[in-house]
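**Q** My questions will all concern the structure given below.
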Amino acid sequence: MSVDRFDRWAGRYERSPLQRLIFEPVHRVMLEVAASEVPEAAAILDVGCGTGRLLRGAGDVFPNARLEGVDAAGEMVRQAQALLPADSRLRVQQAVAERLPFADGSFDLVFSTMTFHHWADQRRGVAEVARLLRPEGRWLLADFVATGLMRYVRRAFRLRRFPEMRELERVLRAVGLGVASRRPVAGVGSQVPVLVIRRL
Ligand SMILES: C[S@@+](CC[C@H](N)C(=O)[O-])C[C@H]1O[C@@H](n2cnc3c(N)ncnc32)[C@H](O)[C@@H]1O
């Protein structure tokens, strides 16, 4: 889906039925995993943050953390900013995963939910996340990752943007990252796990 379509979707995004079906359950697991993996996170980034719903939730779980969000779609960013309370610690700006406007080693925790399969250059995005992660940091990635029979469906329909697990692990290894564990998201299905990614 092109960024233009996200611009058009932005105003209705938080009222979409997909929130209840996919995004809310994914965000819930994401925040549980974040709290157990990096309970003292001081700096958190959401790459492809959309309207910032997950970041707002992270603000409650991590009351002292610095919270940043980026999204490629300008309208998503405007919606996210409009939904923030006036005194919010959250900052959202327009930027792409492939070129993140932060210094090396800036974050303990990076989130990406249901955005990875939209990235124009996934290898470059992965390298950018690796650059920003602190040594003990975690990248929590939730997206469609084809396993089992779905690998054949993916190949048959040439759905190349949805990675297969082995292929994703190869891309991660090339920049010194690896999948430490995966958590299923109840109700959404085994093809959309939350992957806990860390330095090898
Ligand atoms: C399905 S939405 C998910 C938004 C949010 N993560 C959530 O869970 O509600 C996908 C988002 O990824 C963004 N996106 C697509 N390509 C991107 C890229 N290369 N870099 C950053 N964001 C991107 C889109 O603009 C869109 O807001």
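Read-outs throughout are calculated quantities, based only on the coordinates presented, and are distinct from any laboratory measurement. This is a predicted model, so every value here is computed, not measured. Backbone-built Cβ (ideal geometry, glycine too); neighbour counts: all protein chains shown.
**Q** Run through the range 79-143 and list the trypsin sites (Lys or Arg not before Pro) located in a DSSP loop whose Cβ has at most 16 other Cβ atoms within 10 Å.
**A** Of the trypsin sites (Lys or Arg not before Pro), the ones in loops of the range 79-143 whose Cβ has at most 16 other Cβ atoms within 10 Å are ARG89.
**Q** Same structure, new question: Which of these, LEU168, LEU90, LEU18, has the largest mean-square fluctuation under a Gaussian network model of the chain (Cα springs below 10 Å)?
**A** Between LEU168, LEU90, LEU18, it is LEU18 that shows the largest mean-square fluctuation.
**Q** When averaged across all projection directions, what area in nm² does the alpha-carbon convex hull of the range 114-179 cover?
**A** 4.5
**Q** Continuing with this model, one more query. If we count other beta carbons within 10 Å of each Cβ, what is the order of LEU54, LEU83, LEU200, fewest first?
**A** LEU200, LEU83, LEU54
**Q** Along the range 52-67, what does the Karplus equation 6.51 cos²θ - 1.76 cosθ + 1.60 (θ = phi - 60°) give for ³J(HN,Hα), rounded to whole Hz, x for Gly and Pro?
**A** In residue order, the calculated couplings are x, 4, 5, 5, 5, x, 5, x, 6, 6, 10, x, 10, 7, 7, 10 Hz.
**Q** Mark the label point 7 Å from the Cα of VAL175 along Cα→Cβ and return the residues of the range 116-147 whose backbone N is within less than 11 Å of it.
**A** So the set is 121-133.
**Q** Here's something else I'd like to know. Calculate, in nm to one decimal, what ASP121 and ASN64 gain on full extension: separation in residues at 0.36 nm each, minus their alpha carbon distance.
**A** This chain segment gains 17.2 nm when fully extended.
**Q** Quick check: net charge around GLU164, other residues with Cβ under 11 Å of its Cβ, Lys/Arg +1 and Asp/Glu -1?
**A** Here the charged neighbours net out to +4.
**Q** Just to check I understand the Karplus step: with θ = phi - 60° and J = 6.51 cos²θ - 1.76 cosθ + 1.60, what whole-Hz values come out for the range 33-39, glycine and proline as x?
**A** Working through the residues one at a time gives 5, 4, 5, 7, 7, 9, x Hz.
**Q** Taking the simple approach of a point 7 Å from Cα along Cα-to-Cβ for both ARG158 and ALA186, what is their distance in nm?
**A** 4.1
**Q** May I ask you to compute the full-extension gain from ASP4 to SER16, defined as 0.36 nm times their residue separation minus their alpha-carbon distance, rounded to one decimal in nm?
**A** The span from ASP4 to SER16 would gain 2.6 nm if fully extended.
**Q** Evaluate the relative contact order of the chain (contact order divided by residue number), counting alpha-carbon pairs under 8 angstrom at least 6 apart; express in whole percent.
**A** Worked out over the chain, it gives 20 percent.
**Q** Still on this structure, please answer the following. Which whole-percent values make up P(r) of the chain when all C-alpha to C-alpha distances are grouped in 10 Å steps starting at zero?
**A** 9, 38, 40, 12, 1
**Q** Sticking with this structure for a sec: Please find, in a Gaussian network model of the chain (springs between Cα atoms separated by less than 10 Å), the residue of GLY11, GLY137, GLY148 whose mean-square fluctuation is greatest.
**A** GLY148
**Q** For the range 1-115, what's the relative contact order in percent, using C-alpha pairs closer than 8 Å and at least 6 residues apart?
**A** 33
**Q** Also: Quick check on the chain: helices-only [θ] at 222 nm, where DSSP H runs of length 4 and up contribute -39,500 (n - 2.57) each and the sum goes over total residues. Nearest 500, please.
**A** Roughly -9500 deg cm²/dmol at 222 nm, from the helical runs in the chain.
**Q** Got a sec? How would VAL194, VAL175 order by Cβ neighbour count within 10 Å, fewest to most?
**A** With the sparsest Cβ surroundings first, the list reads VAL175, VAL194.
**Q** If you don't mind, there's one more thing I want to ask. Taking the Cβ of each residue in LEU67, LEU109, LEU159 as the centre, tally the other Cβ atoms inside 10 Å and list the residues starting with the fewest.
**A** Least crowded to most crowded, the residues run LEU159, LEU67, LEU109.
**Q** Let me check I've understood the local charge: for ARG15, count other residues with C-beta under 15 angstrom from its C-beta, Lys and Arg +1, Asp and Glu -1. What total comes out?
**A** +1
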